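Asker: Okay, handing you the structure first.
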Amino acid sequence: MARTGLQKEVIELYRQGVRNAMSKAPDQRQAFLIHLRYNFHHPPLTSRDFTAVEFQIRKFRRTLEMLSQPSTQRIGLSQDMRDWWANEVERAHARATITEMKKAKAASS
């Protein structure tokens, strides 16, 4: 599938964010990754909302530039981010359970 320029830009920004998070101390990586994922999901945007997507790209570029500095060693997570992450983990576990149940049912048939 061919990707648009904006899609490529968003993917590249996300990859830079992951590389940046991996360059931080091991005990702080999870906080940086949660911050990254949260900011890529909030606010929820449609692929057709070009102006908003471009704005978020510019905003996250500035944030990434700040977070990639060696002096930035920790990041605080808001309660909203923590709640969102707990919900994401819960949803992933529920999907995994459903998948396991379907496999077990197919194997017993």
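Asker: Name the single residue that is surrounded by the most Cβ atoms within 10 Å (Cβ to Cβ) among those in the range 33-55 being in contact (Cβ under 8 Å) with a residue 12 or more places away in the chain, under 14 Å from LEU13 (Cα atoms) and more than 8 Å from the chain's Cα centre (by Cα).
Answerer: Per the stated criteria, the residue is VAL53.
Asker: Can you name every residue in the range 55-109 that is assigned to a helix (DSSP H, G or I) and among the hydroxyl-bearing types (Ser, Thr, Tyr)?
Answerer: THR63, THR97, THR99, SER108
Every number here is computed from the coordinates shown, using simple stated rules; none is lab data. Keep in mind that what you see is a predicted model, and the values were worked out from it rather than measured. Note: ideal-geometry Cβ built from the backbone for every residue, glycine included; neighbour counts use all protein chains shown.
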